[in-house]
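Colleague: One structure, pasted below without further comment.
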Amino acid sequence: MAAEFRVIGLQVEYSARPIGVDRPHPRFSWGYESDKRAQSQSAYRIVVASSPERLANGEAELLWDSGKVVSSSHRDIAYAGLPLRSGQAYYWKVQAWDANGQPTDDSETGEWEMALLDPGDWEAQWIGMADEENTGALPIFRSVFRLDKEVARAKAYICGLGHYELRLNGRKVGDRVLEPGWTNYDKTCLYSVIDATEYVRKGDNAIGVMLGNGFFNVTGGRYSKYVGSFGEPKLIARLEVEYDDGTTAKVVSGDHWRASRGPIAFACMYGGEDYDARLWTPGWDEADFVEDDRWHGTRTVMGPSGKLRAQDLPPLKVMKVFQPVQLNECSPGVYVYDFGQNFSGWIGIDVEGAAGSNVKLTYGELLNADGTVNQTWTKGPSYFSYTLNGEGIETWSPRFSYSGFRYIQVEGAVPANHVPPAAERLPTLRRIEGQMIYPDVSVSGAFACSEPLWNRIHENINWAILSNMKSLLTDCPHREKLGWLEQAHLMGPSIMYNYYVPHLYRKIMDDVAEAQLENGLVPDIAPEYTVFEDGFRDSPEWGSAYIIAGWYAYNWYGDRDMLERHYDGMKKYVVYLTSRSENHLLSHGLGDWCDVGSDGYPLHTPIPVTASAIYYYNAVLMEKITRLLGKSEDERYFLELATSIGQSFNAEFLDENARRYATGSQTSHAMPLALGIVPDALRKQMLANIVRDFQQRGNSPSGGEVGLRFLLKALTEGGQAEIVASLLRKTDHPSYGYQISYGATTLTELWDGPTAGLSQNHFMFGHPEEWFYSSLAGIRIDYEEPRFQRIAITPHPVEGVRWARAHHDLVQGRVSVYWRQEEAGVLQLDVTIPVNTTAVIHVPAASMNDILENGQQIGKVPDVEFIGRLGDRTLIHVGSGEYRFTAYTGDRV
């Protein structure tokens, strides 16, 4: 008899079939599939071999056999076999046993490939331009090589700084853009591992590389947030070829390569990109190309200080394409295209005209009164430009600079079907499209409900998240593009409900570690490309992402190794905060940034309140982390520290006579309430204070990006879903509906939205997303305590909403919820729980007698266990499977 589930969804280091794993002991995870209820794993066995044939042959051919391991664990199982080799492919499968001891069939075969495990494996050299003259034009490199046999496989390893485009035999390799990811290049340089098999052939071949500046070399020259450089553009590359007969060949960068200045005359991460098509020589990246006097030898150069490390982030790609929805001629020869959506990326054009003609494309989020593009808030001058070579219809997109925009102002070209003034012979713009860039990340969730405005809020939040998701989380995709850290934790759950981001959060944690100062300070941005002063470098609500975001990511993905690697740095940060505290309280930082009525420093809540509350939260989480990691002495220290901070917080900010905290603002009450600082006897009063202030403001928030997250958390935990709903229904200022009613298509930096300016593409106020999933729909992921195989389903139907549905993909499988009001007093609730997972479902009914499951009283259903009651909820426990509950919430006829 076999188990009634099967193993699917094999992952190595959080990816299916990765080809650049640089961990000597990769970790395995898997999920399940079953049409039966109450299925769970009691044991597993993993086997690994160096080929599919050896995997099939069994024990004598295996590199590792875990044996049967009695455990329900199905994620982050570390390889413990024979040493793994650089570049080698490996194959694995897993078998599991159910709760009754019955085995599954073997899973499908999984595969992964190792990266270069030792620096000596590269056998390549860093190279740069040999000429000393730097005209500003970016370099291109080429080399010709011969392959004597039929090719079975080719794989490229490349790090081109700041960014690169790899080409083989006249074609771009793959569809990645803006590679590699941004880092502190003095500490880490990421390299890509790319399957290049389809691009090479037996005989003569050519490799070409174009380089861009990126954050490695911020030159300025037009608008730039800052100017700074780690050096001139450079590259290191290795192409490894396996022939059909099993022998190999390699092509590596060195001083035998050739170089020239290319057609990109200017590229700055902030100011845009200029391309002169007259300087693009067709065939330069092919084997039979004849070089002219513009080509010179290269020179080997000193590599960056940073250690080369394989990039395991999902690559950035052009993921969506937008067509113009409107075209206006603002003045003769000035045309503005509206793409109908604010996003981050670049444009693609087809243009035809005379050689030497130049098309200028200025991007922006808002328009001036005359209809031209407004760069007041996104900063300028910044634009793309293209100079034609005059050879028919020319197709172009930028390569090494991007921005956030909705509008493109075109000068120097006439749209198709427009007739220019007779005296002018301008190029014709035959096509223009917006190309949105973000990581090729797995979507892990979806949400919708019967309230159209809420669906639009959900969409705007996600447009903003994706616009600011690159190889880090940026605050905005135009004027700054920096990794401001507070969003990594404040928006962490909202991001994780929607997208599978273990790689991104591991990268963020590494960025923070590399930015941390010797004294323990964690800067507000990481990588810290430029040093800000005052609170803009040292704000506890920002630096605490090192601990809070790390803890959330662990509770979502189970990456214990991440906590172990960063534990010393996290502890060091709390020690730093303690050194800055007085009587266990902090008084520095940015506070509840951009609260209502401000455009920065808070108006309603004292900075010491938010700084000290976050300090307390750090201590609480560090106590949990030390307990998890078995550091008993530190556990006692952090427990005592949290107690001391909490006592000092209440002594300083709690007015027991007035029964309020600090200024009485929403944030002043919400943070201590949500974080557990408020004495039990006063919790109801503090919640009432929030509700009263909220209602007195016309169902409006007063807090900023820090306070709003904890406001929603406190209201949700206090059973005030209707209060949250009233905020989300508002269309007057301040509200999400107000932003949307004035044309916002993403979240804006201020509550005022397009009416006030500033950035129109910030995701820092996206906290309703967490509420949509965890409260309204009710998929509750516990990020305060590790519960990887236990979840809660806690739907909160609110007045006027007829239905809500959501799903979220865990490693083990999909959790889904769909509730709907069938008629007055009757709620239908459909729930799906994946294999190897249990759930406590909070059914909105006062009694178990008011609940049916597939038409039966729940007391008669063997897979459903009554737990008890909590307020007006009935709590039941279920295992995996699909369930349909009917809850009678009113009088039954």
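The values are calculated or read from the model by the stated rules, or taken from the named source; none is laboratory data. Just so it is clear, the structure is predicted and the values come from calculations on it, not from any experiment. As a convention, Cβ positions derive from the backbone with ideal geometry for all residues, glycine included, and neighbour counts pool all protein chains shown.
Colleague: What is the number of the single condition among (1) closer than 15 Å to Val843 by Cβ; (2) crowded, with 21+ Cβ neighbours inside 10 Å that Gln812 does not meet?
Modeller: (1)
Colleague: Moving on to the next point. Out of the residues in segment 815-831 that are touching a residue at least 60 places away in the same chain (Cβ under 8 Å) and small (Gly, Ala, Ser), which is surrounded by the fewest Cβ atoms within 10 Å (Cβ to Cβ)?
Modeller: The residue in question is Ala824.
Colleague: Among the residues of segment 31-45, are any under 24 Å from Ala115 (Cα atoms) and crowded, with 18+ Cβ neighbours inside 10 Å?
Modeller: The answer is no, given that none of the residues of segment 31-45 is under 24 Å from Ala115 (Cα atoms) and crowded, with 18+ Cβ neighbours inside 10 Å.
Colleague: So, one more: Out of Glu882, Glu865, which single residue is surrounded by 15 or more Cβ atoms within 10 Å (Cβ to Cβ) and either among the acidic types (Asp, Glu) or in contact with a Ser or Thr (Cβ under 7 Å, 6 or more places away or on another chain) (or both)? Explain how you work it out, then say what you get.
Modeller: Values: Glu882 fails: surrounded by 15 or more Cβ atoms within 10 Å (Cβ to Cβ).
Answer to the check: Glu865.
Colleague: I'd like the residue in segment 422-452 that is within 30 Å of Pro180 (Cα to Cα) and over 14 Å from the mean Cα position of the chain (by Cα) and, out of all such residues, is surrounded by the most Cβ atoms within 10 Å (Cβ to Cβ).
Modeller: Let us first name the residues in segment 422-452 that are within 30 Å of Pro180 (Cα to Cα), namely 431-446.
Adding the requirement that they be over 14 Å from the mean Cα position of the chain (by Cα) leaves 431-436, 446.
Values: Arg431: 15, Ile432: 23, Glu433: 17, Gly434: 26, Gln435: 19, Met436: 21, Ala446: 16.
Ranking the candidates gives Gly434 first.
Colleague: Moving on to the next point. Among the candidates Tyr818, Tyr773, Tyr738, single out the residue that is touching a strand residue (DSSP E or B) at 6+ places or on another chain (Cβ under 9 Å), aromatic (Phe, Trp, Tyr), part of a helix (DSSP H, G or I) and closer than 24 Å to Ile465 by Cβ. Please lay out each step first, then the result.
Modeller: Details: Tyr818 fails: part of a helix (DSSP H, G or I); Tyr738 fails: touching a strand residue (DSSP E or B) at 6+ places or on another chain (Cβ under 9 Å).
Matching residue, one of Tyr818, Tyr773, Tyr738: Tyr773.
Colleague: Which condition number does Thr748 fail, the rest of (1) in contact with a Phe, Trp or Tyr (Cβ under 6 Å, 6 or more places away or on another chain); (2) free of Cβ contacts under 8 Å to residues at least 40 places away in the same chain being met?
Modeller: (1)
Colleague: Just checking, does segment 56-74 include any residue being among the charged types (D, E, K, R) and either touching a Lys or Arg at 6+ places or on another chain (Cβ under 6 Å) or buried (at least 19 other Cβ atoms within 10 Å of the Cβ) (or both)? Steps first, answer last, please.
Modeller: Within segment 56-74, the first condition is being among the charged types (D, E, K, R), and the residues that meet it are 59, 61, 65, 68.
Those left that are additionally either touching a Lys or Arg at 6+ places or on another chain (Cβ under 6 Å) or buried (at least 19 other Cβ atoms within 10 Å of the Cβ) (or both): 61, 68.
Yes; the residues of segment 56-74 include at least one that is among the charged types (D, E, K, R) and either touching a Lys or Arg at 6+ places or on another chain (Cβ under 6 Å) or buried (at least 19 other Cβ atoms within 10 Å of the Cβ) (or both).
Colleague: Can you give me the ranges of the strands (runs of 3 or more DSSP E) entirely in segment 825-893 with at least 3 residues that are among the aliphatic types (A, V, I, L, M)?
Modeller: Details: elements: 826-833, 838-843, 851-853, 864-870, 873-878, 881-888.
Strands (runs of 3 or more DSSP E) meeting the threshold: 826-833, 838-843, 864-870, 873-878.
Colleague: Within segment 115-124, which residues are assigned to a helix (DSSP H, G or I) and not small (Gly, Ala, Ser)?
Modeller: Pro119, Asp121
Colleague: Quick check on segment 750-763. Is at least one of its residues within 21 Å of Gly719 (Cα to Cα) and assigned to a loop (DSSP other than H, G, I, E, B)? Even if it seems obvious, please write down each step before you answer.
Modeller: Our first condition is that a residue be within 21 Å of Gly719 (Cα to Cα); within segment 750-763, this holds for none.
Checked against the condition, which is being within 21 Å of Gly719 (Cα to Cα) and assigned to a loop (DSSP other than H, G, I, E, B), segment 750-763 yields no hits at all.
Colleague: Anything in segment 450-463 that is among the charged types (D, E, K, R) and either assigned to a loop (DSSP other than H, G, I, E, B) or at pLDDT below 95 (or both)? List them, or say none. Full working, then the answer.
Modeller: Keep residues of segment 450-463 that are among the charged types (D, E, K, R), which gives 451, 456, 459.
Of everything in segment 450-463, just one residue is among the charged types (D, E, K, R) and either assigned to a loop (DSSP other than H, G, I, E, B) or at pLDDT below 95 (or both), namely Glu451.
Colleague: Step by step: first the residues of segment 236-277, then only those that are over 30 Å from the mean Cα position of the chain (by Cα) and of a type in the set (Ser, Thr, Tyr), then the one that is nearest to Leu166 (Cα to Cα). Which residue is that?
Modeller: By that ranking, first place goes to Ser253.
Colleague: Here's something else I'd like to know. Tell me, yes or no, whether segment 454-468 has at least one residue that is buried (at least 23 other Cβ atoms within 10 Å of the Cβ), over 30 Å from Thr832 (Cα atoms) and not β-branched (Val, Ile, Thr).
Modeller: yes
Colleague: Here's a follow-up. Hey, can you tell me all the residues within segment 575-597 that are part of a strand (DSSP E or B) and surrounded by 16 or more Cβ atoms within 10 Å (Cβ to Cβ)? Give the steps one after another, and end with the answer.
Modeller: So in segment 575-597, the residues part of a strand (DSSP E or B) come out as 582, 585.
Within segment 575-597, just Leu585 meets the criteria.
Colleague: Same structure again: Determine whether segment 660-674 contains at least one residue that is within 25 Å of Leu639 (Cβ to Cβ), more than 30 Å from the chain's Cα centre (by Cα), aromatic (Phe, Trp, Tyr) and buried (at least 17 other Cβ atoms within 10 Å of the Cβ).
Modeller: yes
Colleague: Continuing with this model, one more query. Can you tell which of Pro26, Pro83 is buried (at least 19 other Cβ atoms within 10 Å of the Cβ), out of contact with any Lys or Arg (no Cβ under 7 Å at 6 or more places or on another chain) and not assigned by TED's automatic domain parsing to the domain that holds Leu563?
Modeller: Working: Pro83 fails: buried (at least 19 other Cβ atoms within 10 Å of the Cβ).
On inspection, the qualifying residue turns out to be Pro26.
Colleague: I've got another one for you. Looking only at segment 61-79, which residues are in contact (Cβ under 8 Å) with a residue 60 or more places away in the chain and either closer than 14 Å to Ala43 by Cβ or assigned by TED's automatic domain parsing to the domain that holds Gln812 (or both)?
Modeller: Of everything in segment 61-79, those that are in contact (Cβ under 8 Å) with a residue 60 or more places away in the chain and either closer than 14 Å to Ala43 by Cβ or assigned by TED's automatic domain parsing to the domain that holds Gln812 (or both) turn out to be Ser72, His74.
Colleague: Output the residues belonging to segment 46-67 that are modelled with pLDDT under 95 and among the aromatic types (Phe, Trp, Tyr).
Modeller: Across segment 46-67, there are no qualifying residues.
Colleague: Being at pLDDT below 95 and either under 23 Å from Ile548 (Cα atoms) or in contact with a Ser or Thr (Cβ under 9 Å, 6 or more places away or on another chain) (or both) narrows it down to one residue among Glu656, Glu652, Glu717; which is it?
Modeller: Numbers: Glu656 fails: either under 23 Å from Ile548 (Cα atoms) or in contact with a Ser or Thr (Cβ under 9 Å, 6 or more places away or on another chain) (or both); Glu652 fails: at pLDDT below 95.
When all the criteria are applied, what remains is Glu717.
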